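Visitor: One structure, as structure tokens, below. Some questions next.
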Amino acid sequence: MTDLEALRLRLYRQPAREGRVASSEDVARELGITGDAAADAFRALAADRHIALGVDGEIVLAHPFATRDFGFSVKSSTTLWWGGCA
């Protein structure tokens, strides 16, 4: 598994479990890499259309999970998930 694949799996586990995604700084700190390396990885995942980034370079969508309310949501007994479409 490549570092990028590992990062992608890490990014998808968090919204599935918690309903949120980490910032590139959080990911960098957690994985022991530089903030620039995390931001580069986010851009690479966005170029491959795994995620969508906002103008600030942070994750807006990790398909099918959204980081803000786009009007589509699902709620379990413990977690609220937003989506980009339904």
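Rule-based calculations on the coordinates, nothing more; no lab input. Nothing here was measured: the structure is a model prediction, and the numbers come from that model. Note that we place each Cβ from the backbone using ideal geometry, even for glycine, and neighbour counts take in every protein chain shown.
Visitor: Residue 51's amide H: which non-local residues (gap 5+, or another chain) put their own amide H closer than 5 Å, with H modeled 1.01 Å from N in plane and none for Pro or chain starts?
Guide: Residues meeting the amide H criterion: 46.
Visitor: Still on this structure, I have one more. Treat every Asp and Glu Cβ in the chain as -1 and every Lys and Arg Cβ as +1, leave all other atoms uncharged, and give the resulting dipole magnitude about the Cα centre to the nearest 20 debye. Each step should come with its number before you reach the end.
Guide: Details: 10 positive and 12 negative charges, 83 e Å.
With Lys and Arg at +1 and Asp and Glu at -1, about 400 debye.
Visitor: Kindly provide the helix-only [θ] at 222 nm of the chain, computed as the sum of -39,500 (n - 2.57) over DSSP H runs of four or more divided by all residues, to the nearest 500 deg cm²/dmol?
Guide: So the calculated ellipticity at 222 nm is -13500 deg cm²/dmol.
Visitor: So for segment 5-86, taking the charge dipole from beta-carbon charges (+1 Lys/Arg, -1 Asp/Glu), which of 32, 52, 63 sits furthest toward the positive end?
Guide: Projecting each Cα onto the dipole axis, the largest value belongs to 63.
Visitor: In nm, to one decimal, how far is the residue 2 label point from the residue 31 one, both placed 7 Å along Cα→Cβ?
Guide: 1.2
Visitor: Rounded if a/c is under 1.5, else prolate if a/b beats b/c, else oblate: with a ≥ b ≥ c from the C-alpha gyration tensor eigenvalues square-rooted, which is the chain?
Guide: Working: a/c = 1.98, a/b = 1.61, b/c = 1.23.
Taking the square roots of the gyration eigenvalues as a ≥ b ≥ c, the chain is prolate.
Visitor: Return one number: the angle in degrees, 0 to 90 and rounded to the nearest 10, between the long axis of the Cα atoms of helix 3-18 and the longest principal axis of the Cα atoms of the chain.
Guide: 30
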